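Asker: A single structure is presented below for examination.
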Amino acid sequence: ATFPLKGAVAVPVALPVELPDDIRKYLAIYGSEATEIATQILQDGVSRLHPDFPFTVAEVRWIIRHQFACTAEDILRRRLRWSLLDQAAAESVRPVIQKLLAEAGW
């Protein structure tokens, strides 16, 4: 009951105002790890996977490196939950996810 989960924070994390509002709000799900992801997004340039969603290429790269996701299905369904939100949009970016996985050696 007293052991904090990875990323847990007691107060909201302040994220860079340079990020679009929807991405900044969305990244709050990562708790204390949101700052690291936000920094990576800004360094790489804000590159959305789809114009209607806050998911970015930098976030997926972070998921692959730090959460050890190794399939597009895992990323789209379990990590981002995108397949549950909009199956067609998720499927439209599957090739990009697969390319990022291949770059990471998966």
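The values are calculated or read from the model by the stated rules, or taken from the named source; none is laboratory data. Keep in mind it's a predicted model, so treat the numbers as computed, not measured. Protein only, heavy atoms only, side chains kept; ligands, DNA and RNA dropped before computing areas. Shrake-Rupley method; radii C 1.70, N 1.55, O 1.52, S 1.80 Å.
Asker: Kindly report, to the nearest 10 Å², the accessible surface of His66 as traced by a 1.4 Å probe over protein heavy atoms only.
Answerer: Number for this one is 80 Å².
Asker: Which ³J(HN,Hα) values in Hz, rounded to whole numbers, follow from the phi angles of segment 68-80 under the Karplus curve 6.51 cos²θ - 1.76 cosθ + 1.60, where θ = phi - 60° and Gly and Pro get x?
Answerer: Karplus-based 3J(HN,Hα) across segment 68-80 equals 6, 5, 10, 9, 4, 4, 4, 5, 6, 8, 9, 7, 8 Hz.
Asker: Please list, ordered by chain and number, the residues whose modelled amide H lies under 5 Å from the amide H of Thr56; skip anything fewer than 5 residues away on the same chain.
Answerer: Leu49
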